[in-house]
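Everything below concerns the one structure shown next.
The values are calculated or read from the model by the stated rules, or taken from the named source; none is laboratory data. Keep in mind it's a predicted model, so treat the numbers as computed, not measured. Here Cβ is always computed from backbone atoms with ideal geometry, including for glycine, and neighbour counts include all displayed protein chains.
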Amino acid sequence: MIDWIGYGWMAGSVHGPDMYSADLTMEVPRGDALAVAAVTGLSLGVENNEPGSAAAYVRELGLWEEGLRAVRSLPPDPINNVVPIPDCYWVRFRLTVFQGNAFGQGLVFRAAPAPPPSPRSRIATPKMEKPAWKVRDYHVRIGEKGLGSHRIMALARGSQLPVAEILDRAGAEVARHFGVKPKEVVTRPARRVARDAESRFRSLFF
């Protein structure tokens, strides 16, 4: 049974031969989860007789394994748009756009804890408080050209999200794609986003 759904948005717009990537990293209350990415709207053109494209998928995830934090990277492939994650605590989604405009959404469905062994048990099912996030947007550039964005949604209380490490890995992926050195990719904070801005991200609590 699902007891909580958290989600956020990604958006990208690019014209010409380059690709634009929009990342969304969401920290979630620890537990078994299902991560889902989807393109929710798009408008595509053509570049040198090549049609535009857009894709959304899960790129990276954080989970607990044998009491230790672990990170798993997934291939940048639209087939990775529905991913079950045991003992999850964060997910990084990616939207890629070529020659067009697109919007995408990343969602995390958290499984409810197991119920008590019997109706007579005095052990109550753990209750999860509705989470709130601290949100920060980042611009990703190579020189003066904006080629990506990254939204970080960290839990407002008790965050364990390794933000710097996640940003570094995402920047290195951009560098590999464009064939440049990682130091040439600059990730800088954008304007701050008010906490729990309902039009930008939301959680559903059951």
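Go through the residues of region 52-65 one by one and say whether even a single one is over 11 Å from the mean Cα position of the chain (by Cα), within 27 Å of Q160 (Cβ to Cβ) and of a type in the set (A, V, I, L, M, F, W, C). Yes, some residue in region 52-65 is over 11 Å from the mean Cα position of the chain (by Cα), within 27 Å of Q160 (Cβ to Cβ) and of a type in the set (A, V, I, L, M, F, W, C). Can you give me the number of residues within region 38-58 that are in a strand (DSSP E or B) and either of a type in the set (G, A, S) or touching an Asp or Glu at 6+ places or on another chain (Cβ under 7 Å) (or both)? Qualifying residue count for the region: 8. Taking the conditions exactly as written (touching a residue at least 12 places away in the same chain (Cβ under 8 Å) and over 22 Å from L161 (Cα atoms)), does G8 satisfy them or not? In short, no. Among the conditions (1) modelled with pLDDT of 95 or more; (2) basic (K, R); (3) assigned to a helix (DSSP H, G or I), R94 misses just one, which is (3).
Scanning region 130-167 for residues that are assigned to a strand (DSSP E or B), surrounded by fewer than 19 Cβ atoms within 10 Å (Cβ to Cβ) and not hydrophobic (A, V, I, L, M, F, W, C) gives K134, R136, D137, H139, R141, K145, G146.
Looking at D87, is it within 19 Å of G146 (Cβ to Cβ) and of a type outside the set (F, W, Y)? Judged against the criteria, D87 is not a match. Within region 53-70, restricting attention to residues that are in contact (Cβ under 8 Å) with a residue 12 or more places away in the chain and among the hydrophobic types (A, V, I, L, M, F, W, C), the residue that is nearest to V97 (Cα to Cα) is A54. Taking the conditions exactly as written (touching a residue at least 24 places away in the same chain (Cβ under 8 Å) and either on the phi > 0 side of the Ramachandran plot or not in a strand (DSSP E or B) (or both)), does Q99 satisfy them or not? For Q99, the condition - touching a residue at least 24 places away in the same chain (Cβ under 8 Å) and either on the phi > 0 side of the Ramachandran plot or not in a strand (DSSP E or B) (or both) - is met.
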